[in-house]
Amino acid sequence: MTMLLNRSTFIFILSLVMTITSWALSYLNLLPNQITDGLALFAVTILGIPIVFGAIKAVLSKNFNLDFLASIAIVASVLVQEYIAAAIVAIMLTGGEMLEDYASEKATAAIEKLIKSAPQKARVRRNGREIEVPIEEVLLGDIVIVKPGEKIPVDGLVMKGTATVNQATITGESMPADKFAGDEVFGNTILELGALEVKVTKVGEDTTFAHIIKLVREAQ
């Protein structure tokens, strides 16, 4: 994947340099038009052909996307011998797609990092004893014990205790919130001060944290 990314980036940069050079030489009239046009046409060839082929595939599948519109502009510019204009269209579309892919990869990496930061175990009270179980084995109605510095593993209601909870991962608020008996708490938030006994109301994909991850992925 890295090799393909580097290859794509190299082709884009090369096309950009060729187009700028073609425009500068044409503007300054330093070389014959055949040479300047050739530079621009080279950029159109290596960037524009994939766009045109992509547009053809899209049209055959009855999907008229941005590639289709860009292909019309590229072909029309080439036909009237406006090679620099054709190259600019190809560069704009390709550059936009590269930025979009970069942003998408960064968002995906951030999501995966956030998921990995979620608690993998929980301390629950069962049969009068406190035991540590994998997060997948926490049941609705369980009483979860959360101590200072730990992450709250699931959504629930505070049954006992008072605490200061950092809810930035859920609400985005930078200021911690005070929690008392009867208050709602969310999974993957950090208990900074105090201790809580929390009755589990949501687990797994029903938690607020899981819903946020799902919405971010859908938006992506």
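Assorted remarks:
- Dividing the Cα radius of gyration of segment 62-190 by its Kirkwood radius returns 1.36 for Rg/Rh.
- Within segment 83-104, backbone nitrogen closer than 16 Å to the virtual label 7 Å beyond the Cα of residue 216 toward Cβ: 103-104
- Cα-projected label distance for residue 28 with residue 175, points at 7 Å along beta-carbon direction, nm: 6.0
- Note on the chain: with a GNM built from Cα contacts shorter than 10 Å, the maximum mean-square fluctuation among 28, 99, 47 falls on 28.
- Accessible-area composition of the chain, carbon plus sulfur, in percent [1.4 Å probe]: 64
- Residue-averaged [θ]222 nm for the chain, counting only DSSP H segments that reach four residues, each worth -39500 (n - 2.57): -18500 deg cm²/dmol
- D_trans [Stokes-Einstein, Kirkwood Rh over alpha-carbon pairs] for segment 31-133, 37 °C, 0.692 mPa s, µm² s⁻¹: 189
- Rounded Å value of the spacing that divides the Cα centres of segment 12-85 and segment 143-206: 57
- Kyte-Doolittle mean at least 0.5 and Cα axial length at least 30 Å: DSSP H helices in the chain: 2-28, 33-60, 83-116
- Hypothetical label at residue 9: residues of segment 81-111 whose amide nitrogen lies under 20 Å (7 Å Cα-Cβ projection): 91-110
- Sorted on the mean count of surrounding Cβ atoms within 10 Å across their residues, most packed first, peptides 84-93, 9-18 read 84-93, 9-18.
- Close Lys pairs in the chain (alpha-carbon distance under 19 Å; sequence gap of 8 or more, or different chains): 24.
- Using the 1.4 Å probe convention, the accessible area of the chain works out to 62 Å² per residue with neighbouring protein chains retained.
- The tail of the calculated P(r) for segment 96-147 beyond 16 Å holds 57 percent of all Cα-Cα pairs.
The values are calculated or read from the model by the stated rules, or taken from the named source; none is laboratory data. Just so it is clear, the model here is predicted, and its values are computed rather than measured. Positions of Cβ are generated from backbone atoms using ideal geometry, with glycine treated the same way; all protein chains shown enter the neighbour counts. In case anyone asks, the SASA skips ligands and DNA or RNA and just uses the protein heavy atoms, side chains included. Shrake-Rupley method; radii C 1.70, N 1.55, O 1.52, S 1.80 Å.
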